[in-house]
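A.B. asks: Take this structure first; my questions come after.
The values are calculated or read from the model by the stated rules, or taken from the named source; none is laboratory data. Keep in mind it's a predicted model, so treat the numbers as computed, not measured. Cβ atoms come from the backbone with ideal geometry, glycine included; neighbour counts cover every protein chain shown. For the accessible areas, the whole protein counts, side chains as well, though only heavy atoms, and no ligand, DNA or RNA atoms are used. Shrake-Rupley method; radii C 1.70, N 1.55, O 1.52, S 1.80 Å.
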Amino acid sequence: MGVEIRVDGLTKSFGRQVIWEDVTLTLPAGEISVLLGPSGTGKSVFLKTLVGLLKPDRGHCWIGDRDMPHLREHDLYETRKLFGVLFQDGALFGSMNLFDNIAFPLREHTKKSESAVKKIVMEKMEMVGLLGAERKLPGEISGGMRKRAGLARALVLDPEIILCDEPDSGLDPVRTAYLNQLIVDLNAETHATVLIVTHDINTARTVPDNIGLLFRRELVMFGPREMLLSSDEPVVRQFLNARKVGPIGMSEEKDVSELEAEARMGHDPGVLPPIPPQLMTGDGRLRTTQRAPGEWLRANGIVPPPGSFVDEAGRNWLEEWPRYVAERTPVGGGR
């Protein structure tokens, strides 16, 4: 089962440049969260701070009962073993084949026999669909395969927390869809706490349980997926709907004159688009943390626009969900 991550008042700067300050959020144990934000807002810096590769100026980052910025070196090293990290480009060793790349953390951090290492590596390669490619070099495979190999390596120590730094970077939409499905399926199987940094709006709208947005050196909002997808907060609405109208400009933020010009022209932000159904597991199982469509909206008295939960097949998940759950609930209860 995943570990809860609690961040309280976290601030990071490089010299006089403040990256973000007073960031406070809780990543629920076992849930998938996505962190969004324009380029240069410090999303990757946030991941490095979570894992203890960078030390914040102030604040706390609790991994269970351990406060990462204040751990001794030995305890920090041990706590990092709870993490698996998928880097932007996979970060594979070019001179090693996929098997050796994936086996590297096991050989580095454990005393397992080679037969045990082989068993684990082959199991993880099967999980990500790479069986048969173990002897290939990173330069001999596609970008999508390198991402999957990087994910397999992140899984070999059975981490309770998985950090994915722009896993869709450099991938076409089809490969991104396959990778999203893989992450959802792995979360259902391992119950790890997952944090994904991404710019991909479809990923943010369909994959996570929770969404956060960094902008102007602060965490603008963090909460359940439906909370952000139905938000009228200008920067959230602009980013999640990929619109030019709003506080975000070509540089990180628009200046006052641009915003005043938009106001004079009377730009209409438009109606909120439908909220798509959350991505199911590949075999249709329910994840233990998956919320019913419309659950957060109903609890907060918000009426969703018509068609908000209709998928591409025309199914209305507000109506289909109870029947879907009933078909997959064992006799006697449970999920």
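A.B. asks: Under a plain spin-label model, where a point goes 7 Å from the Cα along Cα-to-Cβ, how far apart in nm are ASP57 and SER13?
C.D. replies: For ASP57 paired with SER13, the spin-label model returns 0.3 nm.
A.B. asks: If you don't mind, another one. Using a probe of 1.4 angstrom, how much of the accessible area of the range 5-230 is carbon and sulfur, in percent? Before the final figure, lay out the partial values.
C.D. replies: Values: 4800 of 9680 Å².
So the carbon and sulfur contribution to the accessible surface is 50 percent.
A.B. asks: Another question about this same structure. Measuring from a point 7 Å past the Cα of ARG291 along Cα-to-C-beta, which residues in the range 222-243 have an amide N at less than 11 Å?
C.D. replies: Counting only backbone N, you get 223-230.
A.B. asks: How do ASP283, ASP185 stack up against each other in accessible area, from largest to smallest, with a 1.4 angstrom probe?
C.D. replies: ASP283, ASP185
A.B. asks: How large is the helix-only mean residue ellipticity at 222 nm for the chain, computed as the sum of -39500 (n - 2.57) over DSSP H runs with n ≥ 4, divided by its residue count, in deg cm²/dmol to the nearest 500?
C.D. replies: Only helices count here, giving -10000 deg cm²/dmol.
A.B. asks: Rounded to the nearest 5, what % of DSSP beta bridges with both residues in the range 5-230 are antiparallel? Please report the intermediate quantities before stating the final value.
C.D. replies: Numbers: 20 of 37 bridges.
In the range 5-230, DSSP labels about 55 percent of beta bridges as antiparallel.
A.B. asks: Of the DSSP beta bridges with both residues in the range 133-254, give the percent that are antiparallel, rounding to the nearest 5.
C.D. replies: Details: 6 of 11 bridges.
Given both bridge residues lie in the range 133-254, the antiparallel proportion sits at roughly 55 percent.
A.B. asks: Moving to a separate point now. Name the long-range amide H neighbours of ILE162: under 5 Å, sequence gap of 5 or more, or other chain; modelled H, no Pro or chain starts.
C.D. replies: It is GLY84, THR193, VAL194, LEU195, by chain and number.
A.B. asks: Roughly speaking, what is the centre-to-centre gap between the range 1-46 and the range 94-108 when only Cα atoms are used, to the nearest Å?
C.D. replies: Cα centroid to Cα centroid, the span is 29 Å.
A.B. asks: If ligands, DNA and RNA are left out, what is the accessible area of LYS118 with a 1.4 Å probe, given in Å² to the nearest 10?
C.D. replies: 120
A.B. asks: Let me ask something else. Where a Cα-Cα gap under 18 Å defines reach, which aspartates and glutamates qualify for LYS124, not counting those fewer than 8 residues away within the same chain?
C.D. replies: ASP100, GLU108, GLU114, GLU134, ASP158, GLU160, ASP185, GLU189
A.B. asks: Assuming a ≥ b ≥ c are the square roots of the Cα gyration tensor eigenvalues, decide whether the range 69-194 counts as rounded (a/c under 1.5), prolate (otherwise, with a/b larger than b/c) or oblate.
C.D. replies: Values: a/c = 1.61, a/b = 1.22, b/c = 1.33.
Verdict is oblate for the range 69-194.
A.B. asks: For the chain, take every pair of Cα atoms, bin their distances at 10 Å starting from 0, and report each bin as a whole percent.
C.D. replies: 5, 23, 31, 26, 12, 2, 0
A.B. asks: Suppose every Lys and Arg Cβ carries +1 and every Asp and Glu Cβ carries -1, with no other charges. What dipole size does the range 5-230 come out with about its Cα centre, to the nearest 20 debye?
C.D. replies: Values: 28 positive and 30 negative charges, 99 e Å.
That gives the range 5-230 a dipole magnitude of about 480 debye.
A.B. asks: Next question. If each of LEU137 and ARG72 carries a label point 7 Å out from its Cα toward its Cβ, how far apart are those two points in nm?
C.D. replies: 4.4
A.B. asks: Does a label point 7 Å from the Cα of LYS81, set along Cα-to-beta-carbon, have any residues of the range 120-137 with amide nitrogen under 18 Å, and which are they?
C.D. replies: Correct set: 120-121.
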